[in-house]
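Before any comments, here is the structure.
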Amino acid sequence: MAERTEKLGESVIVYDDSLVDQISEELFDPLSWNSAVPVPGVAGGRGTTLFVQHDEQEWVLRHYHRGGRVMKMLRDRFLWTGWESSRPFREWSLLRNLQKLELPAPVPVAARSVKHGNFYSADLITQRLPGVVPFSSRLQQDGIDDELWHAVGSCIGRFHAARVFHADLSAHNIQVDAADGVYILDFDRGRIMRSAGRWRDSNLVRLQRSLRKIRDSSEIIFGPGQWQSLLAGYRQNSATVPQSE
């Protein structure tokens, strides 16, 4: 992965030049993608998310939006404190590190911050994970066995062993492919922690709350047995020492 940074007008863009021959503002403009497909449901996290085709590559284009109480007022604007502290740059950098650690997460393609006075707007492009669906969708199908619950826990354990904190670990951000391979996406506001700590428990509590919410609204099968299978997989990998920093 060869990282390059370019300033185009009020935009600063970081990208992988092995995946993008020539960077441009148009890559981040939904209107420039005639075949763009909106990401269904909530699988893409908060914001506007599209599947786009670039040459032989399939990408996910996400425009960042605010959440919480300020969402209606600021919508997609964030306080400018410098390019390196902007949300797309931080997520880009984290995803690069996750690739070095060989963790199952999206490959970063390009990230952009556009300055608007004291604020900025932001976009991120990643490679599309092949053939995945949200774990929340798989739960609503028949045939979810203990092995898949174990695999989900094992995947989370690998990230925690590498001290990776996910700010919104939910059943929507966990992805499963046709062979029951498990991935995690949407690392906005995520980071690599200095040490193990209570943040790991808070991640698991957030996930459990997400699963209970889906169970209550969709009548999926989720109880102590499924959660214990997930924790068994988690414990199998959570003590693993990462091979690189």
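The values are calculated or read from the model by the stated rules, or taken from the named source; none is laboratory data. Given the structure is predicted, the values throughout are model-derived calculations rather than measurements. So basically every Cβ, Gly included, is an ideal-geometry build from the backbone, and we count neighbours across all protein chains shown.
Computed quantities for the displayed model
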| quantity | calculated |
| --- | --- |
| Selection status of L94, over 17 Å from D123 (Cβ atoms), buried (at least 18 other Cβ atoms within 10 Å of the Cβ) and modelled with pLDDT of 95 or more | no |
| R200 closer than 18 Å to L103 by Cα, surrounded by 14 or more Cβ atoms within 10 Å (Cβ to Cβ) and over 16 Å from the mean Cα position of the chain (by Cα) | yes |
| Candidates A161, A196, A179, filtered to the one that is more than 17 Å from R235 (Cα to Cα) and of a type in the set (A, V, I, L, M) | A179 |
| Pairs with Cβ under 6 Å, 6+ apart, first in the stretch 140-160 and polar (S, T, N, Q), second in a helix (DSSP H, G or I) and surrounded by fewer than 18 Cβ atoms within 10 Å (Cβ to Cβ) | Q140/S218; S154/Q236; S154/N237 |
| Boolean, R62 is assigned to a helix (DSSP H, G or I), surrounded by 14 or more Cβ atoms within 10 Å (Cβ to Cβ) and modelled with pLDDT of 90 or more | no |
